[in-house]
Amino acid sequence: MSNSIELRDLEKSFRLDLRLGTRRALNGLSLTVRAGEIYGFLGPNGAGKTTSIKILVSLLRQDRGTALIFGGDPTRNEVRARIGYLPESPNFYDQLTGREFLAFCGKLCGLRGADLRQRSDRLLEEVGLAHAGDLQIRRYSKGMNQRVGIAQALLHDPELVILDEPMSGLDPIGRAEVRDLILGLKKRGKTVFFSTHIIPDVELICDRIGLINRGRMVAEGSVGELLDTAEARPIEVAVENFSAVTDRSLAAEVSSVGSQKLYLVPSDEALARFIPTVLQHQGRLVSINPRREGLENLVVRLLEQDRPAA
Amino acid sequence: MNVLTIAAQTFTEARRNRVFYSLFLFALVVVLSSIIFTEITSVTVDRMLKDTGLAAINVFALALTIFAGVGIINREIDRRSIYTVLAKPITRLSYILGKYLGLVSIILATSTLMFVGLLVVMKVYKTPIHAGIFLGFLGVLLEVLVMGAVAVLCSTFTTSFISAFICAAVYLSGHLSTEFLRVVRKSEGIRRAVGEAIYYLVPNLERFNFKYQATYDLTVGTTTLLAVVVFALAYAAAALLGAVVVFQRRDFR
């Protein structure tokens, strides 16, 4: 499978002021986004997410390293023609109406005439702004601004969609709509690369995620792969009609309701010994649930581990 | 094509801007009220009309250019509206040219409306309309072309406030450059070299001042006129080239 995005050893520093000197925003960041996948780009504030995205759309230039989109340099127009981009907390030309703004963006991408009008109408409908297309953008709410931003990013039917915090400013229904929209893009074979702070959204829709901190990759992989690397957690085993006393290192009883008891088994090895014990004592297995660490906890733990030593 | 798209968007944004709109209406009223001066002065009506009318158009055309021009790029950077545009498949050169074209078109359109207003007043007062008045207006337009490019250049690297200050300084020194050179040539050494460098850097805006010809219905030779037009276009092109060079290197944090 070919790659839509490749970042290799990207470095970028910003000059602050004479007293503070420079701040390194990217510190050897590398990542790969395969064609057709949804990639969630996670990281705390100031981790370098927006800086990386701005390099990808040629708003910033890296000090060192390589940024490639479809194998090409994003500073070239023909490469950027294949990208749709939504900036973080976007602001648009507020004297234009939503429809005029889409017409403007479409023309910059080479669209004209009836095709442009049809696409604008369809996208305004898709992002829930059909009723507000002729309203000036200065009258839009934050959520409406975000929606017209998503519409302009998709207008020219790009192969790669880069969204910087697309869920920000949206209510729960809006977030669900954007999630559906992203999933719809994947179904149509598009690649979606988006940054977010909202981990449940990532867990729901991403094929792979990358977690960055202090300008470099901390963890990358599918949600399943990352959770498999999570710390070993006890397994919950519910049994019925089992009253034999067990070694606590094998299984610890945590609750009891009627004839049903809940045990926490510390590992797979312990489980392999505990189940025969239950069956030997005529107990009945009700359920076995591995208690995996959630993505949110995993992210917090990885970031804490990555904290610089004091 | 992208240049025209950006120019059209810049034109529309400015046209719908209430402050710009108010300034334009105020300017139109001032131009039309040049009638009042004709009532309170002993100078002949037609001379007074042309003098005050053209001066008012000049002042307001420049005010509108500086008002709309000094923030034309940096305001978009501050508001982050530029991110969406520059991520599209357009060159930064097209963006600068589009912004400049949009700016000068709105100023030329409003100046032309004011000028038409002046011609109507002249017609009402039965003042003869000669080529001189058109020459005077051409001078205003050329000055707008040059000062618009200076404003765009400034707005690529500094704030609106500082841009406005630089533009005002360029305007004033541009009208006083001949006197400035006379003073500079009296000095010697490094002072003279620096002074002469400033003289050649700042546009000599007096070249566009045809108000004397407008008032007294005079004309200038074709060669002189052509030289002035070429000078205006060349200076504007140089300022825009500077803007492109600065803008190409800019990071948008």
Review point. Can you give me the relative contact order of chain B as a percent, contacts being Cα pairs under 8 Å and 6 or more apart?
Key: 27
**Study point:** Nearest-0.05 FRET efficiency for A:F14 and B:T91, computed from C-beta distance (R0 30 Å)
**Key:** 0.75
Check your understanding: Name the residues of segment B:212-253 whose accessible area, probed at 1.4 Å, falls by at least 40 Å² once all protein chains are in place instead of their chain on its own?
Key -> B:D251, B:F252, B:R253
Revision key, fill the gap. Between B:A237 and B:L176, the FRET efficiency computed from the C-beta separation at R0 = 25 Å comes out, to the nearest 0.05, as 0.55
Point to revise | Cβ-derived FRET efficiency at R0 51 Å, A:N241 paired with A:T32, nearest 0.05 | key: 0.45
Review point. Averaged over peptide B:76-84, how many Cβ atoms belonging to another chain are found within 10 Å of each residue's Cβ?
Key: 6
Practice item. Tell me the trypsin sites (Lys or Arg not before Pro) within segment A:250-293 that lie in a loop according to DSSP and have at most 16 other beta-carbon atoms within 10 Å. Key: A:R291, A:R292
Practice item. Round to the nearest 10 and give me the degree value, 0 to 90, for the angle of helix B:160-175's Cα axis relative to the longest principal axis of chain B. Key: 40
Exercise for review: Express the carbon and sulfur contribution to the solvent-accessible surface of segment B:39-127 as a percent, rounded to the nearest whole number, probe 1.4 angstrom.
Suggested key: 67
Review point. Could you give the angle, 0 to 90 degrees to the nearest 10, between helix B:45-69's Cα long axis and the longest principal axis of the Cα atoms of chain B?
Key: 10
Exercise for review: For chain B, find the longest principal axis of its Cα atoms and tell me its angle to the long axis of helix B:131-155, 0 to 90°, nearest 10.
Suggested key: 20
Revision key, fill the gap. Share of accessible surface on carbon and sulfur in chain A, whole %, 1.4 Å probe and ligands ignored, is 48
Practice item. Just order B:131-139, A:131-139, A:208-216 by mean Cβ neighbour count inside 10 Å, highest at the front, would you? Key: A:208-216, B:131-139, A:131-139
Practice item. Select from segment B:88-112 all residues whose loss of accessible area on going from the chain by itself to the full protein assembly reaches 50 Å² or more (probe 1.4 Å). Key: B:K88, B:P89
Point to revise | segment A:77-141 - percent relative contact order, Cα under 8 Å, separation 6 or more | key: 47
Exercise for review: With unit charges on the beta carbon (Lys/Arg positive, Asp/Glu negative), name the residue among B:A87, B:H130, B:G71 whose Cα is farthest towards the positive pole of the charge dipole of segment B:1-147.
Suggested key: B:A87
Point to revise | For chain B, built as a Gaussian network whose Cα springs stay under 10 Å, the top-fluctuating residue of B:A151, B:A197, B:A168 | key: B:A197
Check your understanding: In Å², what does the accessible area per residue of segment B:133-249 work out to with a 1.4 Å probe?
Key -> 53
Review point. Heavy-atom accessible area per residue, segment A:1-44, 1.4 Å probe: how many Å²?
Key: 51
Exercise for review: Kindly tabulate the residues in segment A:100-116 with an accessible-area decrease of at least 10 Å² between the chain alone and the assembly of all protein chains, using a probe of 1.4 Å.
Suggested key: A:E100, A:F104, A:C105, A:K107, A:L108, A:C109, A:R112
Check your understanding: What accessible area, in Å² to the nearest ten, does a 1.4 Å probe give for A:V286?
Key -> 70
Exercise for review: With the Cα gyration tensor of segment B:89-209 in hand, convert its eigenvalues to equivalent ellipsoid semi-axes via √(5λ) and list them largest first in whole Å.
Suggested key: 31, 24, 11
Review point. Counting partner chain Cβ atoms within 10 Å of every residue's Cβ in A:81-91, what's the average?
Key: 4
Revision key, fill the gap. Largest-first semi-axes in Å of the equivalent ellipsoid built from the Cα gyration tensor of chain A are 46, 25, 17
Review point. Between segment A:219-273 and segment A:164-215, how many Å separate their Cα centres?
Key: 33
**Study point:** Rg followed by Dmax, in Å, when segment A:257-306 is reduced to its Cα trace
**Key:** 15.8, 48
Review point. How large is Rg over Rh for segment A:130-212, taking Rg from the Cα atoms and Rh as the Kirkwood inverse mean of 1/r across Cα pairs?
Key: 0.97
Exercise for review: Could you work out the relative contact order of chain A, using alpha carbon pairs under 8 angstrom and six or more residues apart, expressed as a whole percent?
Suggested key: 19
**Study point:** Protein heavy-atom accessible area occluded, B/A pair - total, 1.4 Å probe, Å²
**Key:** 3100
Review point. Given the alpha-carbon gyration tensor of the protein assembly as shown, what are the semi-axes of its equivalent ellipsoid in whole angstrom, ordered largest first, with each equal to the square root of 5 times an eigenvalue?
Key: 67, 26, 19
Check your understanding: For labels at B:A168 and B:V59 in the simple 7 Å Cα→Cβ model, what's the distance in nm?
Key -> 1.5
Study note, to complete from the structure: Filtered hits (lysines, Cα-Cα < 19 Å from B:K99, offset >= 8 within chain) -> A:K107, B:K88
Review point. What Kirkwood hydrodynamic radius do you get for segment B:1-157 when you take the inverse of the mean 1/r over all pairs of distinct Cα atoms, in Å?
Key: 16.6
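The values are calculated or read from the model by the stated rules, or taken from the named source; none is laboratory data. Since the model is a prediction, treat every value here as computed from it, not as a measurement. Because the Cβ atoms are built from the backbone with ideal geometry, glycine has one as well, and the counts that use them run over all protein chains shown. Only protein heavy atoms, including side chains, enter the accessible area calculation; ligands, DNA and RNA are left aside. Shrake-Rupley method; radii C 1.70, N 1.55, O 1.52, S 1.80 Å.
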